[in-house]
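Some notes on the structure that comes next.
Bear in mind that the values in this text are calculations on the coordinates, not laboratory data. Keep in mind the model is a prediction, meaning the values are calculated, not measured. So basically every Cβ, Gly included, is an ideal-geometry build from the backbone, and we count neighbours across all protein chains shown.
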Amino acid sequence: MAAAANDSTADEKAPGTIGVGRYEEMEQDGASSTAKSRLSGLLWHGGSAYDAWFSCASNQVAQVLLTLPYSFSQLGMLSGILFQLFYGLMGSWTAYLISILYVEYRTRKEREKADFRNHVIQWFEVLDGLLGRHWRNVGLAFNCTFLLFGSVIQLIACASNIYYINDRLDKRTWTYIFGACCATTVFIPSFHNYRIWSFLGLVMTTYTAWYLAVASLLHGQVDGVKHSGPTKMVLYFTGATNILYTFGGHAVTVEVMHAMWRPQKFKAIYLMATAYVLTLTLPSAASVYWAFGDELLTHSNALSLLPRTPFRDAAVVLMLVHQFITFGFACTPLYFVWEKLIGLHDCRSLCKRAAARLPVVVPIWFLAIVFPFFGPINSAVGSLLVSFTVYIIPALAHMITYRSAHARESAVEQPPRFVGRWTGTYVINAFVVVWVLVVGFGFGGWASITNFVRQIDTFGLFTKCYQCPTPPIPDASWPFPGGLHNLTLLPPAPAPSPAHFFRHHRHHSRGL
């Protein structure tokens, strides 16, 4: 406790840091010397910079790993690689902006003696504290809608993946089953409790990524493979917005930071997580596209093209577990918002909070059944929701928060020198806003919605099994080889005469 007090004093004196003494004290109040508590802390209760890194990396590359080869078939190899690098850097920059605004907000509140002991700070509250209620309402609407559909995508991905190792049930039925399974995430209190899950999730994703790369290279190119992308502007921008969605997984940045014991250490964590994620996404997407080419245009899930082996089945199972974890990541902020709305956020009873969270899962379950379009839905969410939630709004919020000279001088965190301090920061922010608004939301929105509507027209809403193989049609010629038109019909046999009948009957009677 004394150490926590010393940390608090040091943090108050040090410029550009956040006073986290009260927060650290909260974490240490329940500490116990028992082996059970130590084991629980090791597996369950995380708040270090390493935990934040695992959370960011694990959450960033979930089921989208399986759709990136599909995006490469739409973009072409060169554009696919360049967009991954470009949006990876852009996503890291806006995650940095969100972290700066969080630290600014929390520092101001702690100077006012605010207590976050039983309260999780969220992005819309940061916007409210720094820019007012109108920004809060906009941020809340976009963030909740994005996380809602992000959870929907995880359910769709679960059904799509499990179908490739057990097709006795259709994908819609699997969605029902996994919806019930994912509802158990209501029992995970907060991002503190994802320590072991984040670690396992990243291990599972790493295996799947390298399985895709190695299996595709060993499989080799299919006969007559073609790499014709890009061919259509609609497909090009649809693929680009899927990559925009891939590196827009930092909608939970504030909640992850709040779970840290030292939130000010988050600044470069997302960049390091993105660097690792690129070592998974680039080799896997490029290898699968090299092997299968244009076939991916009709196979949005890369696993569907690889032959069934124990290694592929292992990848499917691991991705299913990882999608369960990512579902929890996307849903937990929604649980917090719902708890605050009904007044149960500070309740200490886990069972009461879990029961209160269940209504959040119902609309997610329903939407996953209505729109089971694995792949195209990623692009639609990326262009319409991700573009504003994690790119445009954070950049604009940062520019407006520090628009005055006084705000810039008293800022808790000054921009780094290598980006040009405040001038360079404003230039980068303006570029992000214009680029994402025009390319991501404008062209990307047009392309992804066009493609999404095409899926509805082709498969319909509530489709039972999206992109499932068509069952073989029985050969109409069987059991007559060559077809019925080659069948020679014999003339009917003549009816027996009455005399023949009586002779046969008399012969039969003698036998008796």
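Using 7 Å Cα-to-Cβ label points, what is the Asp170/Val362 separation (nm, one decimal)?
Simple spin-label model gives 2.5 nm for this pair.
At Ile177 and Ala405, where each label point lies 7 Å from the Cα along Cα→Cβ, what is the point-to-point distance in nanometres?
Between Ile177 and Ala405, the simple spin-label model gives 6.7 nm.
Determine, from the Cβ-Cβ distance of Val225 and Arg454 and an R0 of 30 Å, the FRET efficiency 1/(1 + (r/R0)^6), rounded to the nearest 0.05.
For R0 = 30 Å, the calculated efficiency reads 0.75.
Report the local net charge at Ser58: Lys and Arg +1, Asp and Glu -1, summed over other residues whose C-beta lies under 13 Å from its C-beta. Before the final figure, lay out each step's value.
Numbers: positive: Arg195; negative: Asp51.
Around Ser58, the charge tally is 0.
Summing +1 for each Lys or Arg and -1 for each Asp or Glu, what net charge is found among the other residues whose Cβ lies under 12 Å from the Cβ of Phe187? Please list the in-between numbers first.
Values: positive: Lys352, Arg353, Arg357; negative: none.
Local net charge: +3.
Could you check the simple spin-label distance between Cys351 and Ala141, using points 7 Å along Cα→Cβ, in nm with one decimal?
4.0
Sorted by mean Cβ packing within 10 Å, highest first, what order do the peptides 110-119, 303-312, 447-456, 87-96 take?
Numbers: 110-119: 11.8, 303-312: 15.1, 447-456: 19.0, 87-96: 22.9.
Sorting 110-119, 303-312, 447-456, 87-96 by mean packing, highest first, produces 87-96, 447-456, 303-312, 110-119.
Please report how far the C-alpha centroid of segment 272-302 lies from that of segment 158-186, rounded to the nearest whole angstrom.
24
Pulled fully out, how much extra length does the chain show between Thr298 and Val434, if you take 0.36 nm times their separation in residues and subtract their Cα-Cα distance?
On the way: separation 136, 0.36 × 136 = 48.96 nm, distance 3.23 nm.
Result for the pair: 45.7 nm of gain on full extension.
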